[in-house]
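Please read the structure below before turning to the comments.
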Amino acid sequence: MKLRSLSLTNVRKFGGRTASLRDIGDGVTVISEANEFGKSTFFDALHALFFAKYSSVGKDVKSLQPHSGGAVRISAEIEIPQGRFVIEKSFLAQKRASVSRAGGALVAQDDEAESWIAALMDNGLEGPAGLLWVKQGTTGLEPAGAVGVEKERLLGARRDLLSSVAGEIDKVTGGRRMDRVLARCQEELSKLATASGKAKKNAPWGQVQAEMAELEAREAELSALRKDLSENLVGRKTCEAALERMNAPEAWKQRKDALATAEAQFKEAESHAEKTGQAAKDLDLKTLQSEAAQTRLNNLLQAAAKLEQVRQEDTSLQSKLGVIRQELAEAGTQEQHAAARLEQAQATVKSLREREKAAQQAAQCRQARDQVEQLSERLEKAETQQRALEDAKAQLDGITITPVLMQAVTDAQNRLHQAKARAEAQSVTVTLHYDGAARVSLGGADVNAGEAVAISSRQSFDLPGIGALVVDPGQREDGDRAAEEFKRALSGFEAALRKANVSSVEEAHAALAARHEAAQRKELAEGLIASLVPEGLDALRGSLAKARVAADAVPAGEAFVQDPDALAAALETGEADERDARAGYERCREVLSRAREAEGVLREKCNRAAAALAEAKAAYGDADSFENRKATAARQASIAETAVQDARAKVLALQQNAPDPGTASADLKRAGTVVENAEKRISQLKEQLVHYNAEIAARANAGVEEELAEVQGKLETARRRESRYSREVASLNLLVSELEGRRTQARDVYFEPVQKELQPLLSILHDDAALEFDSSRLLPNGLERGGLHEELDVLSGGTQEQIAILTRLAFARLFARQGYPMPIILDDALVYSDDDRIVKMFTALHRVATDLQVIVFSCRQMAFAELGGEQPELVIEQQA
């Protein structure tokens, strides 16, 4: 089974809303959010959907209901081999359950739906999900506080799984007969040894061990005294021999000769290094001389090539300079003719423009008068809209209600209606039917025939001609709570009306509509003002004043009689002639400019070519002696190169036969150290000899041999007795070990499937580690790593947490192999893991997620960013 989506309606903090997790993927899905987000709410709701009956009113179900009450609705879309199905339940109110296909076809409802879900979950909490869905705070496979039915349920889930793949649990114990044999062995052992395998103090084995300990202590003391005396004698003899060897004349001569040889070799190495350095300097000098000779030869060859190249460039440039100078003279003549034509055209245009200016002044006067009329009309319209805008603003300032306050009033009214409906649902209903004209009244108002009157508290009906009828519904906890809720809702509704400064919802709607209408009028007026006077009213008034000044100016009378069309035509013709003349003049100037620029560039190139030719001739030198100079330079370069090769060969020869100065220095230091150490050692041996003589003199007359022999005899007798008891205890221990070993073999066969699934996951966290299982609880009770056994309860909280999660993952894979693939759901399950271990646990989750769905809820957003995986879409919608 795989979970594809989960929706919660009116659940805890999502009261009056629907929260949905959508598009849940196949592998690892992560919902990592801050505290109070509602992660545990999603987990608890999912748990209730699959494990709580729709008719349940238990504590776990009631805890899902928000403070406002109402029906708790939970739905989930799942995918199984038969297709996609939607499971939905409504708790506490409108109780129902249904299972339908994703397309909408109903499969089962109510009790039949519960049976369908139980079959899917393999008997609910007794099945796989009861073991694999980890609630916040219950990470362990058997959480603290699990007792009675809960503990047996968890044990049964594990036993049923393991029994299906490895046989019955009775095979682990080996039967009661083995228990009796083990108990007898333990009884016999307890007479001699403690539970830890040590001898009891007051038992025979413990008494003989105490006697042995006293004898061994005395034997050790006497043996130590004898050993000290023997060691001192041997030490004195060894010290005397060593002192004699080191003080021998030949030993001193050998050390001195070695030191002298090392000093001579060190001096020889220094001398050879000095010769090698001098040869290297000579090689550097010869190399510089060879490079200088080769440079002189190269310079002569380059000078000859450069001279020929510069001569050719100079001849070509002189020819081009003559051509460009002829073109420059022709361009100058053409430029003079074009300038005269342009001057005549400019005079004609100037005269025509002066006449045009007078005509334009008259036209501007007429335009200014027209503009005065237009601006006056715009100003009048704009001032009208300005007054409308101010009226709309004043009306808006007088209306206090806003859409937010309106929504608050509407919400409070909805809550009041809901509370009233719940109160009426919990109250007693009285319905009256009349035969005559008399009418029953309640609180002074007649009760209509057929009208259902809800009674939530003691009420008195007036019966005309009869008396009074008192109806008391009594003390009802749900009714009182509903009535109290109705009072709170009524108080909240009245407070919302006061805050909105209205007396009813209808008045609030009317005020909001009036506000909306005033806002529209304000917006319309602002838009019209912006359209009429985008520059502003003050700017428009300023423009009107300027237009009036311009309209009052009267031009000269000639301007009104001038023919503007004829004048414009003449001016257009004159300007065209001027443009044509100017274009011709500009073309001539451009041609002249280019010719002058080209002449200047060529003249500069000729000057540079002449300078380069002079420089090349100077570098070339005397032409008659050039070949002799070149031959001499080539000969000198060859001689210098031969000298470099000879110097390099000399350096290589010296380097190949050179003694290592570092080795010679180290050998000299070693020889000197040998002499110094010999002197120090002789001094130390003399001091030790004095010490040995003093110790021997102090212990020579102690006489411990006789007492030592007596103690050793008694000790031998005690050891034989202790050996007899020890063999008896060892035999009993061996028997117990063999019996337990056989039982362990049976247990290992039983736990082999889960160990097989667990080992690859455990190796991600600990190299060369294995878990040991308790055959009675079917849970890990120890960790083997690095050859050491550690009890589970002494491990750190983080390690216990990691082992519990890994074991659950192994059980999940076993369930999948047995045909019960279930999603693994963890709610804040990794709390105590450090940064390194938590990343490895993430890897384990991804390894399992290759064929199982893993859903993780966590508040540790930064740490769980390393988990990766997919993040489902979270949508929260207001309940309709």
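Of 773, 436, 613, which is farthest along the charge dipole of the chain in the positive direction, counting Lys and Arg as +1 and Asp and Glu as -1 at C-beta? Value computed over the given set: 773.
Along the charge dipole of the chain, which of 663, 307, 332 sits closest to the positive end, that is, farthest toward it, with unit charges on the beta carbon of Lys, Arg, Asp and Glu (+1, +1, -1, -1)? Towards the positive end, the residue furthest out is 663.
Long hydrophobic helices in the chain: the complete DSSP H runs spanning 24 Å or more by Cα along their own axis with mean Kyte-Doolittle hydropathy of at least -0.5 are 148-166, 505-532, 626-656, 797-817. Going by accessible surface with a 1.4 Å probe and the largest first, 801, 615, 36, 722 read 36, 615, 722, 801. Under 25 °C and 0.890 mPa s, how fast does segment 378-471 diffuse according to Stokes-Einstein, given a Kirkwood radius computed over C-alpha pairs? Answer in µm²/s, whole number. Taking Rh from Cα pairs, D becomes 132 µm²/s.
Each of 717, 850, 287 has its accessible area taken with a 1.4 Å probe; listed largest first, they run 850, 717, 287.
With 28 Å as the limit, the listed pairs 393/546; 13/53; 2/39; 256/281; 286/669; 39/59 have 393/546; 256/281; 286/669 beyond it between alpha carbons. With N as its number of residues, segment 409-538 has a Cα radius of gyration that, divided by 2.2 N^0.38 Å, comes to 1.79. At a 1.4 Å probe, what is the % contribution of carbon and sulfur to the accessible area of the chain? Reported share for carbon and sulfur atoms: 50 percent.
Bridgeable lysines around residue 617 (alpha carbons under 22 Å apart, same-chain partners fewer than 8 residues away excluded): 306, 605, 630.
Ignoring the sites themselves, the chain has its longest run without trypsin sites (Lys or Arg not before Pro) in a DSSP loop having at most 11 other Cβ atoms within 10 Å at 459-880. A straight Cα-to-Cα reach below 20 Å connects residue 487 with the lysines 420, 499, residues fewer than 8 places away in its own chain not being considered. Placing +1 on the Cβ of every Lys and Arg and -1 on the Cβ of every Asp and Glu, with no other charges, gives segment 42-102 a dipole of roughly 240 debye about its Cα centre.
Only helical DSSP H runs with n ≥ 4 go in: add -39500 (n - 2.57) per run for the chain, normalise by residue count and round the 222 nm mean residue ellipticity to 500 deg cm²/dmol. Don't jump to the answer; show the numbers that get you there.
Details: 20 runs with 583 residues, N = 880.
That comes out to -24000 deg cm²/dmol.
Here's the list of lysines a cross-link from residue 686 could span, going by alpha-carbon distance under 20 Å and ignoring same-chain residues fewer than 8 apart: 237. Taking R0 as 22 Å, what FRET efficiency do you get between residue 23 and residue 876 from their Cβ-Cβ distance, rounded to the nearest 0.05? Efficiency, from the Cβ-Cβ distance: 0.90.
Summing Lys, Arg as +1 and Asp, Glu as -1, what charge do residues with Cβ under 12 Å from the Cβ of residue 610 carry, residue 610 excluded? The partial results should precede the final answer.
Details: positive: 311, 603, 605, 608, 617; negative: 313, 314, 604, 615.
That works out to +1.
Convex hull volume per residue, computed on the Cα atoms of segment 615-722, equals 355 Å³. If R0 is 60 Å, the Cβ-Cβ spacing of residue 791 and residue 271 corresponds to a FRET efficiency of close to 0.20.
The smallest convex shape that holds all Cα atoms of segment 355-413, its convex hull, gives 107 Å³ per residue.
Using 0.36 nm per residue, how much length does the chain from residue 282 to residue 347 gain when fully extended, once their Cα-Cα distance is taken away?
14.4 nm
Of 284, 110, the residue with the largest accessible area leads and the full order is 284, 110 (1.4 Å probe).
Here the alpha carbons of segment 751-880 define both size measures, Rg and Dmax, at 16.2, 64 Å. Ranking 385, 409, 375 by Cα position along the charge dipole of segment 365-414, where only Lys, Arg, Asp and Glu carry charges on their C-beta atoms, puts 375 farthest toward the positive end.
Sites listed here are GluC sites (Glu not before Pro) in segment 187-223 whose DSSP assignment is loop and whose Cβ has at most 16 other Cβ atoms within 10 Å, and the list is empty.
At R0 = 30 Å, how high is the FRET efficiency between residue 233 and residue 680 if r is their beta carbon distance? Nearest 0.05 is fine.
Calculated value: 0.75.
Note: relative contact order over the chain, using C-alpha pairs below 8 Å and six or more positions apart, is 28 percent. Here the chain is treated as a sphere whose radius is the Kirkwood value from Cα pairs; by Stokes-Einstein at 25 °C and 0.890 mPa s it diffuses with a coefficient of 54 µm²/s. Calculated over segment 305-425, the projected area of the Cα convex hull averaged across directions stands at 30.6 nm².
What translational D, rounded to a whole number of µm²/s, comes out for segment 193-301 from Stokes-Einstein when the hydrodynamic radius is the Kirkwood one over Cα pairs, at 4 °C and 1.567 mPa s? Value of D from the Cα-based Kirkwood radius: 55 µm²/s.
The values are calculated or read from the model by the stated rules, or taken from the named source; none is laboratory data. None of these values were measured; they are calculated from a predicted model. Reconstructed Cβ throughout: ideal geometry from the backbone, glycine too, with neighbour counts over all protein chains shown. Side chains included, ligands, DNA and RNA excluded: accessible areas come from the protein's heavy atoms. Shrake-Rupley method; radii C 1.70, N 1.55, O 1.52, S 1.80 Å.
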